[in-house]
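One structure is given below, encoded as structure tokens.
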């Protein structure tokens, strides 16, 4: 369908490109945020997917946590607790920022895997709000902000499988989702990133459902024409990656080949002027389902998972915080997450990185409402 065009300023793109916030915030002074219901933070930090009931981590589950990084130590920084999510949830896989607010969309929660949740966090008031839900709920939905709108692509309607081709755009001022041209091929756990006025959708996992194989597909959505086109595929097809755009380049970091038993530390960068990919320094801790954000002109990777389900001693939930300097092609480590999680909602706003929700154990069995923020401020 044809979508209504709005001439809103793309400050969120500026934040992603520079890692700074103050200038972008001034551009958004005129943005109208509708009055959204305020939600009460969850009183329970964890819940089981089966039945959606509160859950207390066992000693074996807590033992899955890993925080040691092989990367050289950088400034440690600090973590502080923030208002918990309204409910424990996970497998939204990513989040996006718009006008200084965190949007966490889709995922697992309350005993189901096809939720259309749309929770919005305001760091100024440390409160969560309820926004319009996705027209069709899913997990592992790729989300990104571009030109004052939020886009959501694909996702799975079963537990980490059975992908959709749905594509939607969210108008903040109307608190409403509209359908846009569906993806050419269905997939979930892909990475969406804005570059030069378009959305690049990279990697993920697709059909058939019983195979759920990783793909290297690289498709580009143009909001001006409501059409899709193809670019060179990602070398090393994978899903659950970290992905950011910086200085007219797209970086894809880590991820998995089909399952978290086969995590990778691969770091590829896409050069749009040549439609090609090159290698960069690998992620120090190979993982998938991690967050990746730009903060102070570095890429910060946090959380993730790896291992084998039902194999005690071979199950890992990562809490490592590692950052990449694109000017030097080097990595360093920082203070680990107080609560290691995977498939988190992570964004940078101001001089903080906010990391909300996520899985507390390997796989999707236990959701988390934990919300913590990191800063290099003393």
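The values are calculated or read from the model by the stated rules, or taken from the named source; none is laboratory data. Here the structure is a predicted model, which is why all the values come from computation and not from measurement. Neighbour counts are summed over all protein chains in view; Cβ atoms, including those assigned to glycine, are modelled from backbone coordinates with ideal geometry.
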Q | segment 184-204, residues that are crowded, with 23+ Cβ neighbours inside 10 Å and assigned to a loop (DSSP other than H, G, I, E, B) | A | 187, 189, 190, 203, 204
Q. Within the set of pairs 6+ apart or on separate chains, which have a first residue in segment 242-270 that is at positive phi and outside any helix (DSSP H, G or I), a second that is surrounded by 17 or more Cβ atoms within 10 Å (Cβ to Cβ) and at pLDDT below 95, and C-beta atoms under 8 Å apart?
A. 247/17; 258/212
Q. For segment 114-127, does any single residue satisfy the condition of being within 23 Å of residue 52 (Cβ to Cβ), over 18 Å from the mean Cα position of the chain (by Cα) and surrounded by fewer than 21 Cβ atoms within 10 Å (Cβ to Cβ)?
A. no
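From the list 106, 100, 77, 111, which one is crowded, with 24+ Cβ neighbours inside 10 Å and either more than 15 Å from the chain's Cα centre (by Cα) or closer than 27 Å to residue 199 by Cα (or both)?
On the way: 100 fails: crowded, with 24+ Cβ neighbours inside 10 Å; 77 fails: crowded, with 24+ Cβ neighbours inside 10 Å; 111 fails: crowded, with 24+ Cβ neighbours inside 10 Å.
From the options 106, 100, 77, 111, the qualifying one is 106.
Any idea which of 377, 328 is more than 23 Å from residue 61 (Cα to Cα), surrounded by fewer than 24 Cβ atoms within 10 Å (Cβ to Cβ) and at pLDDT below 95?
On the way: 328 fails: at pLDDT below 95.
When all the criteria are applied, what remains is 377.
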Q. Looking only at residues in segment 149-168 that are touching a residue at least 60 places away in the same chain (Cβ under 8 Å) and crowded, with 21+ Cβ neighbours inside 10 Å, which one is farthest from the chain's Cα centre (by Cα)?
A. 149
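Yes or no, residue by residue, for (1) modelled with pLDDT of 95 or more; (2) assigned to a loop (DSSP other than H, G, I, E, B); (3) closer than 30 Å to residue 226 by Cα:
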site: 50; (1), (2), (3): no, yes, no
site: 85; (1), (2), (3): yes, yes, no
site: 93; (1), (2), (3): no, yes, yes
site: 96; (1), (2), (3): yes, no, yes
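Looking at the structure I just gave you, is residue 115 at pLDDT below 95 and in contact with a strand residue (DSSP E or B) (Cβ under 9 Å, 6 or more places away or on another chain)? Outline the logic, then answer.
On the way: at pLDDT below 95: yes; in contact with a strand residue (DSSP E or B) (Cβ under 9 Å, 6 or more places away or on another chain): yes.
Yes: the conditions hold for residue 115.
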